[in-house]
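Trainee: Supplied in structure tokens, the structure appears directly below.
The values are calculated or read from the model by the stated rules, or taken from the named source; none is laboratory data. Treat the numbers as computed from the prediction; the structure is a model and nothing was measured. Positions of Cβ are backbone-derived with ideal geometry, glycine not excepted, and every protein chain shown enters the neighbour counts. The protein model used for the area step is the full one, side chains on, heavy atoms only, and it has no ligands, DNA or RNA in it. Shrake-Rupley method; radii C 1.70, N 1.55, O 1.52, S 1.80 Å.
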Amino acid sequence: MPSATSSAKSSETPSPNPAGTSAATGGNSDSADKSTIAACTQADLGVSATKEPADSKEARHLLITVQNAGDKKCNLYHYPHVRLGADARTTVPVIKESDSDPGKPVTIAPGEEAHAALLVSGGARDEYEAKSITLRLQGSKPGSDASKPIDVPMPVNTLYADDGQLVTYWTTASGMALDFIMSK
């Protein structure tokens with residue numbers, strides 16, 4: 001019983017900070033805080049894209065997968081900022097309902113994967129050919145770019161994209177991500 005009391009006191013030690021906000025938001029650089037996990041960086045990740053289902057004739061639905069190739073856990077925030085084609089002027093809009101745990105990052109340990117599903121074409125509106133996929137990681141602040149563009153290997157030579165594109169939030173469950181786009 002005394003050890004529980006002493007550990008409760010030690011966890012309360014940082015709270016004398018009058019603002020109390022830096023510790024709660026992860027801004028505390030105390031090395032004893034084991035809950036602080038860095039954001040994933042381009043150097044931490046292996047990136048791939050696969051056509052879903054794999055035997056489909058067209059590549060309307062893609063699963064973007066990132067694997068933690070680093071040696072520490074890292075956090076992915078929100079959803080990837082995806083651009084289809086070199087001439088894309090905007091990033092692909094997100095499916096807001098696909099955020100399974102709003103406001104919380106997806107943490108992946110070394111060797112683990114996270115996924116975002118991408119709807120390449122949502123209908124026959126303003127179709128164009130895309131010969132590249134790039135993504136940027138977001139930081140903890142929604143809408144921020146926390147990486148340079150990362151080239152995603154193309155699952156086919158050319159994608160036929162349109163203005164009905166959508167992307168999901170990051171998740172560790174590939175099926176969950178795909179559920180949001182496969183019916184579209």
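Trainee: What are the residues in segment 72-107 that are closer than 30 Å to residue 157 by Cα and aliphatic (A, V, I, L, M), if any?
Mentor: 76, 82, 84, 86, 88, 92, 94, 95
Trainee: List pairs: first in segment 87-99 and surrounded by 11 or more Cβ atoms within 10 Å (Cβ to Cβ), second in a helix (DSSP H, G or I), Cβ under 6 Å, 6+ apart or cross-chain?
Mentor: So the pair list comes out as 95/180; 98/180.
Okay, residues lined up against (1) farther than 13 Å from residue 49 by Cα; (2) surrounded by 13 or more Cβ atoms within 10 Å (Cβ to Cβ); (3) touching a residue at least 24 places away in the same chain (Cβ under 8 Å):
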site: 113; (1), (2), (3): no, yes, yes
site: 148; (1), (2), (3): yes, no, yes
site: 156; (1), (2), (3): no, yes, yes
site: 159; (1), (2), (3): no, yes, yes
site: 169; (1), (2), (3): yes, yes, yes
site: 172; (1), (2), (3): yes, yes, yes
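Trainee: Specify the residue that is surrounded by the fewest Cβ atoms within 10 Å (Cβ to Cβ); the eligible residues are those in segment 125-138 that are in a loop (DSSP other than H, G, I, E, B) and modelled with pLDDT of 95 or more.
Mentor: My answer is 131.
Trainee: Can you go through 103, 122 and tell me which one is assigned to a loop (DSSP other than H, G, I, E, B), open to solvent by 30 Å² or more (accessible area, probe 1.4 Å), small (Gly, Ala, Ser) and in contact with an Asp or Glu (Cβ under 8 Å, 6 or more places away or on another chain)?
Mentor: Only one candidate qualifies: 122.
Trainee: Determine if segment 59-66 includes at least one residue that is open to solvent by 50 Å² or more (accessible area, probe 1.4 Å), over 13 Å from the mean Cα position of the chain (by Cα), under 16 Å from residue 170 (Cα atoms) and at pLDDT 95 or above.
Mentor: No; the residues of segment 59-66 include none that is open to solvent by 50 Å² or more (accessible area, probe 1.4 Å), over 13 Å from the mean Cα position of the chain (by Cα), under 16 Å from residue 170 (Cα atoms) and at pLDDT 95 or above.
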